[in-house]
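Read through the structure below, which is laid out as structure tokens, and then see the notes.
The values are calculated or read from the model by the stated rules, or taken from the named source; none is laboratory data. Note that this is a predicted model, so its numbers are computed, not measured. Don't worry about glycine lacking a Cβ; one is built from the backbone with ideal geometry, like all the others, and counts go over all protein chains shown. What goes into the accessible areas is simple: the full protein's heavy atoms, side chains included, and nothing from ligands, DNA or RNA. Shrake-Rupley method; radii C 1.70, N 1.55, O 1.52, S 1.80 Å.
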Amino acid sequence: MADRVTVIGWDGSPLNSAARSALAGATLVAGAAHHLALPEVPPGAERIRLGSVALAARRIAGHHRGTAVVLADGDPGFFGVVRTLRAPEFGLEVEVVPAVSSVAAAFARAGMPWDDAQVVVAHRRTLRRAVNVCRAHTKVAVLTSPGAGPAELGLLLEGVHRTFVVCEELGTERERVSVLSSDKAADRSWRDPNVVIAIGGPVTSGGQGEWIAGRDPAAGPRGHAYADGRGEGESQMLRTAQLARLGPRVGDLVWDIGCGTGAFATEAARTGAAVLAVDQDIDACARTDATARHLGVQLQIVRGTAPHVLENLPEPDVVRVGGGGPGVVTAVADRRPERIVTHALTRDAAERVGRDLTEHGYHVECALLQSVQLDTRAWTERHRSVAFLLSGVLPDRGL
């Protein structure tokens, strides 16, 4: 019974001595069709066309003679087969001969650094979340799959401009690299496998601040004083409580309806979530844009009146209703986001919103928040804010 398997990464370049030696002694080889066609694969070895990695792992675990080798594109330890093969139920000891990952190869073809890039996998189940990461970040590499490729990414990014670098069939004779705007990606047919680099917004270069791969969690100033921060729904304490109740995460899409100064929208964007800020006032949209630029975050701003403007927006995960009243809350609840947060200035308004969310199947919580800003020189009151904070969570999704 096989209890050891050698996993060999292949990036189109000649196999190194360790890979050739492992293949030479293999009695079972698993891989894609182009892997099994490599001249180094022993003619007498049993061959498994790699579809389901779990199924192949069971075949390998039950292999009673000789040694097993698995061939995989790129670095098999980076979103590759190694994770599945190491699962305890298969009892396999894994040795890895790595190669250049397809993400590293794609950025090399583009001549760009990628330590500051987000890397996501897109298939039909995760496509929407991958798109949200592209909305929220300036540099994202997307490992695509059939049905979740450049065309689908471009279609779902409607309204957000990104530049795509599409790298098809890396490491093969059919390799092709294309640069185009995201809105043009759906106009072409793309060959699998491919990697998409999505670029948008200000991309910095050089400097001495690099210390962590991906998005720097400490990017931007620590805290921020927002202009005109005392408008309805804009007090700092209420905004902080709303953000905590929503809990936006990377891969989420946040709606901020009635974005006002842009304070909440930008704070949500700093969590790494994608944010769509909505307001009917042109000055509010301009302030939100200025705040986002100052803090260096990506968000999309839509000018229009809720609830009508919400009809054609992409599906949200969590929503803050900062303005518009109970009618907007009802329209949002009809879209079934995981969490909704809003506020009311009177008990009657709070009760009405609470009843509406409950009727839509949400578990509702309400708290009366009061914050008092003091002048510490004289210890006198400078400003007082009182509001009812309401939050709704879908029990089957958000608890």
Can you spot a residue in the stretch 314-328 that is in contact (Cβ under 8 Å) with a residue 60 or more places away in the chain, more than 30 Å from D348 (Cα to Cα) and open to solvent by less than 60 Å² (accessible area, probe 1.4 Å)? yes
Going residue by residue through the stretch 42-55, is there one that turns out to be of a type outside the set (K, R), surrounded by 15 or more Cβ atoms within 10 Å (Cβ to Cβ), assigned to a helix (DSSP H, G or I) and touching a strand residue (DSSP E or B) at 6+ places or on another chain (Cβ under 7 Å)? no
Would you tally the residues in the stretch 179-197 being closer than 13 Å to F107 by Cα, open to solvent by less than 60 Å² (accessible area, probe 1.4 Å) and either assigned to a loop (DSSP other than H, G, I, E, B) or touching a Phe, Trp or Tyr at 6+ places or on another chain (Cβ under 8 Å) (or both)? 2
Within the stretch 67-85, can one find any residue that is surrounded by 14 or more Cβ atoms within 10 Å (Cβ to Cβ), out of contact with any strand residue (DSSP E or B) (no Cβ under 9 Å at 6 or more places or on another chain) and not acidic (D, E)? yes
Can you work out which of the residues in the stretch 136-147 that are surrounded by fewer than 22 Cβ atoms within 10 Å (Cβ to Cβ) and of a type in the set (S, T, Y) is nearest to the chain's Cα centre (by Cα)? T138
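Condition check ((1) modelled with pLDDT under 95; (2) open to solvent by 20 Å² or more (accessible area, probe 1.4 Å); (3) under 29 Å from R20 (Cα atoms); (4) of a type outside the set (S, T, N, Q)) across all residues:
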site: G62; (1), (2), (3), (4): yes, yes, yes, yes
site: E89; (1), (2), (3), (4): yes, yes, yes, yes
site: V120; (1), (2), (3), (4): no, yes, no, yes
site: C134; (1), (2), (3), (4): no, no, no, yes
site: G149; (1), (2), (3), (4): no, no, no, yes
site: E152; (1), (2), (3), (4): no, yes, no, yes
site: G159; (1), (2), (3), (4): yes, yes, no, yes
site: C167; (1), (2), (3), (4): no, no, yes, yes
The correct count of residues that are in contact with a Gly (Cβ under 7 Å, 6 or more places away or on another chain) and modelled with pLDDT of 95 or more in the stretch 265-283 is 4
Looking at this structure, is E95 assigned to a strand (DSSP E or B), open to solvent by 30 Å² or more (accessible area, probe 1.4 Å) and among the acidic types (D, E)? yes
Any chance T305 is closer than 19 Å to G262 by Cβ, surrounded by 22 or more Cβ atoms within 10 Å (Cβ to Cβ) and in contact (Cβ under 8 Å) with a residue 24 or more places away in the chain: no
Taking first residues from the stretch 36-53 that are under 18 Å from L15 (Cα atoms) and second residues anywhere that are open to solvent by less than 80 Å² (accessible area, probe 1.4 Å) and in a loop (DSSP other than H, G, I, E, B), the pairs with Cβ under 7 Å that are 6 or more apart or on different chains are E40/L15
By residue number, the members of the stretch 304-339 that are within 21 Å of the chain's Cα centre (by Cα) and either under 22 Å from T240 (Cβ atoms) or not in a loop (DSSP other than H, G, I, E, B) (or both) are P316, D317, V318, V319, R320, P337, E338, R339
Would you pick out the residues in the stretch 110-154 that are of a type in the set (S, T, N, Q) and touching a Gly at 6+ places or on another chain (Cβ under 9 Å)? Q118, T126, N132, T138
When you look at G171, is it surrounded by fewer than 24 Cβ atoms within 10 Å (Cβ to Cβ) and in contact with a Gly (Cβ under 6 Å, 6 or more places away or on another chain), yes or no? yes
With criteria (1) in contact with an Asp or Glu (Cβ under 9 Å, 6 or more places away or on another chain); (2) over 13 Å from V341 (Cα atoms); (3) in a loop (DSSP other than H, G, I, E, B), V250 comes up short on (1)
Yes/no for R58 being open to solvent by 10 Å² or more (accessible area, probe 1.4 Å) and part of a strand (DSSP E or B): no
